[in-house]
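**Q** One structure, pasted below without further comment.
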Amino acid sequence: MPFLDLETSLPAAQLAPDLGQKLCAAAASILGKPVDRVNVTVKSGLPMVIGGSAAPCAQLLVSSIAVVGSAEQNRGHSAKFFEVLTKELGLGPDRILIRFYPLEAWQIGKNGTVMTFL
């Protein structure tokens with residue numbers, strides 16, 4: 001069950017209305033998870049600084065069970081997510097950061113229990 005949180009200083013008016021759905025589909029493909037398990041949040045217009053610069057930027061937080069737990073996995077994921085983000089946001093790769101967080105099934109609650117028991 002992947003979670004993607006995209007934070008950007010770009011105003012909402014500059015983002016495609018279906019950006020969340022595009023990220024959802026991209027994450028399903030990149031991470032090899034069913035699209036109905038992917039969760040996406042897009043936060044725009046945030047005051048942000050990357051590398052000391054307040055120029056337009058974004059950061060993507062990717063959390064998931066079993067697919068973001070190694071440098072080898074994340075190197076491949078990073079390249080693919082950067083392709084999507086540079087295209088969709090119109091930002092250079094130097095203005096985007098991605099953080100990967102591995103999760104365990106017991107850390108995700110759903111339907112009154114945790115994923116361990118579903």
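The values are calculated or read from the model by the stated rules, or taken from the named source; none is laboratory data. Owing to the predicted nature of the structure, the values given are computational and were not obtained by experimental measurement. Reconstructed Cβ throughout: ideal geometry from the backbone, glycine too, with neighbour counts over all protein chains shown. These accessible areas exclude ligands, DNA and RNA; they are computed on the full protein's heavy atoms, side chains included. Shrake-Rupley method; radii C 1.70, N 1.55, O 1.52, S 1.80 Å.
**Q** Mind checking the full-extension length gain between Arg75 and Thr113? Use 0.36 nm per residue of separation minus the Cα-Cα distance, one decimal, nm.
**A** The span from Arg75 to Thr113 would gain 10.4 nm if fully extended.
**Q** Just the number, please: carbon plus sulfur as a percent of the accessible area of the chain, 1.4 Å probe, no ligands or DNA/RNA counted.
**A** That share works out to 55 percent.
**Q** Same structure again: In the full protein assembly as shown, how much of Ile50 is accessible to a 1.4 Å probe, in Å² to the nearest 10?
**A** The value for Ile50 is about 20 Å².
**Q** Name the shape class, rounded, prolate or oblate, that the alpha-carbon gyration tensor gives for region 1-86, where a ≥ b ≥ c are the square roots of its eigenvalues, rounded holds for a/c under 1.5, and otherwise prolate holds if a/b is larger than b/c and oblate otherwise.
**A** Cα axes put region 1-86 in the oblate bin.
**Q** Another question, then. Between Phe82 and Ser53, what FRET efficiency comes out of the Förster formula 1/(1 + (r/R0)^6) with R0 = 22 Å and r the beta carbon distance, rounded to 0.05?
**A** In this case the efficiency is close to 0.75.
**Q** May I ask you to derive the relative contact order of the chain, considering only C-alpha pairs under 8 Å and at least 6 residues apart, and to give it as an integer percent?
**A** Relative contact order for the chain comes out at 30 percent.
**Q** Turning to a different aspect of this structure: Rounded to the nearest 5, what % of the DSSP beta bridges within the chain are antiparallel ones?
**A** About 40 percent, rounded to the nearest 5.
**Q** Treating only the Cβ of Lys, Arg, Asp and Glu as charged (+1, +1, -1, -1), what charge dipole size does region 1-63 show about its Cα centre? Round to the nearest 20 debye.
**A** On the way: 4 positive and 4 negative charges, 18 e Å.
Computed charge dipole of region 1-63: roughly 80 debye.
**Q** Here's something else I'd like to know. Please find the FRET efficiency linking Arg99 to Ala12, where r is the Cβ-Cβ separation and R0 is fixed at 30 Å, and quote it to the nearest 0.05.
**A** Values: r = 22 Å, r/R0 = 0.74.
Once the sixth-power term is evaluated, E becomes 0.85.
**Q** A further question on this structure: Let's see if you can work this out: charge +1 on each Lys and Arg Cβ, -1 on each Asp and Glu Cβ, no other charges. What is the dipole magnitude of region 27-105 about its Cα centre, in debye to the nearest 20? Each step should come with its number before you reach the end.
**A** Details: 8 positive and 6 negative charges, 14 e Å.
In total the dipole reaches around 60 debye.
**Q** Can you list the lysines whose alpha carbon is less than 24 Å from that of Lys80, not counting same-chain residues fewer than 8 positions off?
**A** Lys22, Lys33, Lys43
**Q** Still on this structure, I have one more. For the chain, report the accessible area per residue in Å² (1.4 Å probe, heavy atoms, rounded to an integer).
**A** Per-residue accessible area for the chain comes out at 55 Å².
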